[in-house]
1. Grab the other residues whose beta carbon is less than 13 angstrom from that of A:Thr78, score K and R as +1, D and E as -1, and report the net.
2. Please state, as a whole number in µm²/s, the translational diffusion coefficient that the Stokes-Einstein equation yields for chain A at 10 °C and 1.306 mPa s, with Rh defined as the Kirkwood radius across alpha carbon pairs.
3. Be a star and scan the range B:128-163 for residues whose amide nitrogen sits under 20 Å from the point 7 Å along the Cα-to-Cβ vector of B:Lys86.
4. Using a 10 Å cut-off around each Cβ of peptide A:18-25, what is the average number of partner chain Cβ atoms that fall inside?
5. So for B:Cys74, B:Cys27, fewest C-beta neighbours within 10 Å to most, what's the order?
6. At a threshold of 8 angstrom on Cα-Cα distance, excluding pairs fewer than six apart, so keeping six or more, what relative contact order does chain A reach in percent?
7. On a 0 to 90° scale, report how tilted helix A:24-33 is relative to the longest principal axis of chain A, with both axes built from alpha carbons and the result rounded to the nearest 10.
8. Output the 0 to 90 degree angle, nearest 10, between the alpha-carbon long axis of helix A:108-127 and the longest principal axis computed from the alpha carbons of chain A.
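Coordinate-derived values only; no laboratory data. It should be emphasised that the depicted structure is a prediction, and the values quoted were computed from it without experimental measurement. Cβ sites come from the backbone with ideal geometry, for glycine too, and all protein chains shown count toward neighbours.
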Amino acid sequence: MVLVRIWIGIIFVLSGTQKLLGPYQNFLYIIQSYQVLSRPWDTVVAIILPWGELLLGIFAILGLWTPWALRGLLLLTTVFMAVVVQAIVRSLPIQECGCFGEGLSFPLPTTLLLDSVLWIYIAFLIIRLERTNGFSIDRYYLKRDAQK
Amino acid sequence: MKYFLCQTMGQDPKNKKFIALAVVLFCIAVIYGLKLAKGSDPVSSGSATLPRAKGNPQAPLKIVEYMDFQCPACARGAFFLDDLLKNKPDEVYMEVRYFPLEGNHRHALRSARYAECAAQQGKFWDVAHLLFKRQSEWKDLINADPVFEEITKSVQLDMNKLDVCLANEATTDALVKDKQEGQSRGVRSTPTYFVNEKMVVGSNSLEEELMDFFGRVKH
């Protein structure tokens, strides 16, 4: 469970970092291709979302405020899935998902499948939180509190 | 960082907030440090692209475009810019750089080679216009050369010179150089424009950016 938590954290850290290291306009172009947000909200999301992915991913890896980090990641994944589903339903001509910025990209059905798997894993981690918390900063504090 | 985390952890559990803050600040520092180290060259005009430039070099609006002839959004952008240059010839200057996306577009490199060879005979804009105008005719073909040859003949290129140019490795080198230069500036997809150095991706964003620009100029 701990390894799964760290693995999911790494996925989000890589995804956020890839987007943050390139110009935000590239991610903005991908957001615009999903035709969900209007100006200037698309720009706001293009700038903020990669930071959310990076920070929630780091928090999940470190096990810092783990329940909140995992809930945040679940919310992000749910939003990604909803956006991809509407793009598939509307047959939008999107060639790449933009999931990993300049690093790696998948067609929409593959993206939906991978997001669904990720969603199930995150939901499972939240349900089994006491086992997820090993090797975490949260656990360190819990132990300290118990010793006191 | 590790030292800081250990120090903070050794104090009151309430200091989790400080750890979280330290993590956030650390991430911001790393990302901006990496971006700074990576750097980005300013977009400047070059003599090599002169045959692929048009408009007034002293114009207040300078556009550098990275394009792929097989990309539909590039075609839309090109027609939009053609109209703009017709309506405001003194206010706009533009240059084209190649950014063939061979992974997605089968004829991206080949069409760019034809355009570059046309540029060497001073006919870049004629060929570029026809490549975009007839894009739907050739983009799905297995061999698009017959259409490209028809286009180059229709603008009266010297076909012997064209054949020599197409076979010349230096032609490909020019395309690769443009693409590498674009990548170093963060270009990833087409069409990507630098409007007075500001990066704009996609023809819709270009239209919005230019509306903003001319709105600002009016006021």
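1. 0
2. On the way: Rh = 16.0 Å.
Reported coefficient: 99 µm²/s.
3. Counting backbone N atoms under 20 Å from the label point, the list is B:128-136, B:155.
4. So the per-residue partner count for this stretch is 5.
5. Details: B:Cys74 26, B:Cys27 19.
Ordered by Cβ neighbours within 10 Å, fewest first: B:Cys27, B:Cys74.
6. Relative contact order here is 33 percent.
7. Long axis of A:24-33 versus the principal axis of chain A: about 70 degrees.
8. The answer is roughly 20 degrees.
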